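Notes follow once the structure below has been shown.
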Amino acid sequence: MMIRKNYLLNMETVGMMERYDANGVEMTTVVEGDSTFHVRQPRQEILNNTLNHFGLDLDGGLAAAKSVLGGKYRLPVCINAQLGMVWFSSRSFRKRGGVWFSYIHIRDLEEMNEKGTLVHTNYGHCLPVNLSKNQLAFKRDQAAYLHTTFHERSLGKKTFYYEPGSGITFCKEPGEVHYRVKGKE
């Protein structure tokens, strides 16, 4: 199997799994599209380098996820909302084991037993994960919510609700970019 020196996640990357070489050095097995290959970098380094490529870092990505989802552990990370690149791990990325997934490539979750799930991907891969189907579905749903939230924020659109007849109007002055809220004068 091919071994790459370094790697950046992209829209075709499906998942990353921890692996160790013969000398005990941590590497990563990457599933990209129909291909699988090894990278001489830990998963966390690949993730952080990809975030750096888009002008972010892992700490910032986790802080952003916390601001949307709350102060939970094992949060998904949004690399680029426009490209649908939101990733989550089946375990804490600081612990051994587990698989990182791109949530957009998960086609189906199949329960193997109460603590194991088979993840079916868009490219036909079946990856076993030591996590219940419900827990994995929750993590996927968190990633989807994070993606939707950041994608909507990046569009700059906002929805305003107000009571008709309240005297509030939204005005955009000539030469201005933003609307202003005006009340009864």
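So which trypsin sites (Lys or Arg not before Pro) in the range 1-36 pass both tests, a DSSP loop state and at most 14 other Cβ atoms within 10 Å of the Cβ? Of the trypsin sites (Lys or Arg not before Pro), the ones in loops of the range 1-36 whose Cβ has at most 14 other Cβ atoms within 10 Å are Lys5. In summary, the aspartates and glutamates within cross-link reach of Lys133, defined as a Cα separation below 14 angstrom excluding same-chain residues under 8 places away, comprise Asp108, Glu110, Glu111, Glu114, Asp141. Of the solvent-accessible surface of the chain, computed with a 1.4 Å probe and all protein chains present, 49% belongs to carbon and sulfur. Which of Lys72/Lys172; Lys5/Lys72; Lys66/Lys115; Lys66/Lys182; Lys5/Lys95 have a Cα-Cα distance over 31 Å? Those over the limit are Lys72/Lys172; Lys5/Lys72; Lys66/Lys182.
Keeping every protein chain present and rolling a 1.4 Å probe, give me the accessible area per residue for the chain in Å². On a per-residue basis, the chain sits at 60 Å².
Between the labelled values [x] 39, 19, 14; [y] 27, 18, 16; [z] 47, 25, 17, the entry that holds semi-axes √(5λ) of the Cα gyration tensor in Å as derived from this structure is [x].
Of all beta bridges that DSSP places with both ends in the chain, some 95 percent have antiparallel geometry.
The values are calculated or read from the model by the stated rules, or taken from the named source; none is laboratory data. Note that this is a predicted model, so its numbers are computed, not measured. Glycine gets a Cβ as well: all are built from the backbone with ideal geometry, and neighbour counts include every protein chain shown. Ligands, DNA and RNA are stripped out before the accessible areas are found, and what is left, the full protein with its side chains, is counted by its heavy atoms. Shrake-Rupley method; radii C 1.70, N 1.55, O 1.52, S 1.80 Å.
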